[in-house]
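Here the structure is laid out as structure tokens; the discussion comes afterwards.
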Amino acid sequence: MLLDFDYFFAQCEELRNPSLRDKPVVIGVYSGRTEDSGAVSTANYLARHYGVKSGIPLFLAKKRLENVDSVFLPVDYEYYEEISDRIMQVLNSHADVFEQVGVDEAYLDVTKKTQGSFEKAGELATTLKQLVKNQVGVIFSVGIGPNKLLAKIACDVNKPDGLTTVKPEEVESFLNPLPVDRLIGVGRKISQKMSDLSIRTIGDLSRCDVQRLVAIFGKTLGVYFHNASNGVDNEPVKETGQAESISRIATLKQNTRDLALISEKAGVLIGDIHRELLQNDLNYRQIGVIAVLSDLTIRNRSQTLEQPTNSVETLRDEVRLLFDKLLNEETSEARRIGVKVSQLSKNDKNQRQLTSYLQN
Ligand code: DCP
Ligand code: CA
Ligand code: CA
């Protein structure tokens, strides 16, 4: 699911000053040149009724709100980030994988938590809306879909405070009637170009031959438009701030080819790595070792497991095998050795907590 906070900067201002709620509120980035030079950062939905929206010049917003009891405020990023952090903290623990995007959006992969049920995902979204409203006071919209692309588009179709679910069997009928510019990457220029080719809806685009799209837009964009218009997107939700890997390296007391000595040193590094995995609730799937040889050349070996794990025994066994292999394939002594785990993923133990939470 994708969560996008509604009219975010303006909503933050309403939060600290509730008397703004029944007035059009415009947040401006003032360039300082003249009193009204600059652009609208965002506006609340009341102001949007008057045609005020992100990106338009402030003087135009003033004109559109002439004779209306409205409020213009300068951006206060620090405050908005503080609110954003509080919301993200509430959301973070409720996903298998949590990915913050910018200040006011987050993707939550909830596939495992909901056992793949779109109904349960909908219930979870409702719960999260309630939690954030109670704990922070902010409303947001949610899109739920079989992938990031659909979650994002679904989120945009009903705002503010929306909740839109697109199940796999609904993808086609959901996407087809939408205008092409709902797809990320279709801006004014491209949408004009498509319109010249009589491609106006996502359905029109999906019926285009992929070779033709590649010929017109180039390989990357052409293939992307083809896939996106057909609802195909394989981008995984990536844990925010999660390290790609955890590694440790150390210098041996003396240069050696003795597997026992190397394994002993590696054991210390493995202990450190394992502690960090546990602290961050992470599993690893790939194990790598590195050796800096006596002539200072560097050698690597790695192994990918069938399943992610956080087992320290597996790590120890695999590291020993990898160093054994490396030594057998080299003639020099090792001078420094390193151990690395990668393909990290969140451990599932929150799953049970959430299931019981939903049942209570
Ligand atoms: N923003 C900005 N300038 C833009 C677009 C956005 O400064 N041209 C800022 C202000 C927004 C925030 O980024 O509050 C989030 O952008 P969104 O596009 O999500 O817009 P809003 O949250 O304001 O509105 P919506 O309810 O449509 O999500
Ligand atoms: Ca938003
Ligand atoms: Ca946004």
Task: Exposure proxy ranking, count of Cβ atoms within 10 Å, fewest first, for 12, 155 - done: 155, 12
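What number, in percent, do you get for the relative contact order of the chain if the mean sequence gap of Cα pairs under 8 Å and at least 6 apart is divided by its residue count?
Values: 618 pairs, mean separation 49.2, N = 360.
The normalised contact order for the chain reaches 14 percent.
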TODO: Mind telling me which of 28, 267, 137 comes out most flexible in a GNM of the chain, alpha-carbon contacts under 10 Å?
DONE: 267
TODO: Run the numbers on region 129-271 and let me know its relative contact order in percent, using alpha-carbon pairs under 8 Å that are six or more apart.
DONE: 17
Task: 37 °C / 0.692 mPa s Stokes-Einstein diffusion coefficient of region 149-211, Kirkwood radius on C-alpha pairs, µm²/s - done: 263
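Distance cut-off 32 Å, Cα to Cα: go down the list 53/346; 23/112; 63/189 and report the pairs above it. Mind showing how you got there, number by number?
Values: 53/346 39 Å; 23/112 43 Å; 63/189 28 Å.
The pairs that break the limit, which is 32 Å between Cα atoms, are 53/346; 23/112.
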TODO: Work out how much length residue 81 to residue 112 would gain on full extension: take 0.36 nm times their residue separation and subtract the Cα-Cα distance, in nm to one decimal.
DONE: 8.2 nm
- [ ] Taking the Cβ of each residue in 194, 88, 1 as the centre, tally the other Cβ atoms inside 10 Å and list the residues starting with the fewest.
- [x] 88, 194, 1
Open item on the list: Taking only complete DSSP H runs, can you tell me which helices of the chain stretch 27 Å or more along their own long axis by Cα positions and average at least 0.5 on the Kyte-Doolittle scale?
Closed with: 259-279
Open item on the list: On a full-extension model of 0.36 nm per residue, what is the gain between residue 89 and residue 33, subtracting their alpha-carbon distance, rounded to one decimal in nm?
Closed with: 16.3 nm
Task: Förster-model FRET efficiency, 51 Å R0, residue 314 and residue 21, C-beta, rounded to 0.05 - done: 0.35
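We did not get these values from a lab; they are worked out from the coordinates using the rules stated. Given the structure is predicted, the values throughout are model-derived calculations rather than measurements. Neighbour counts are summed over all protein chains in view; Cβ atoms, including those assigned to glycine, are modelled from backbone coordinates with ideal geometry.
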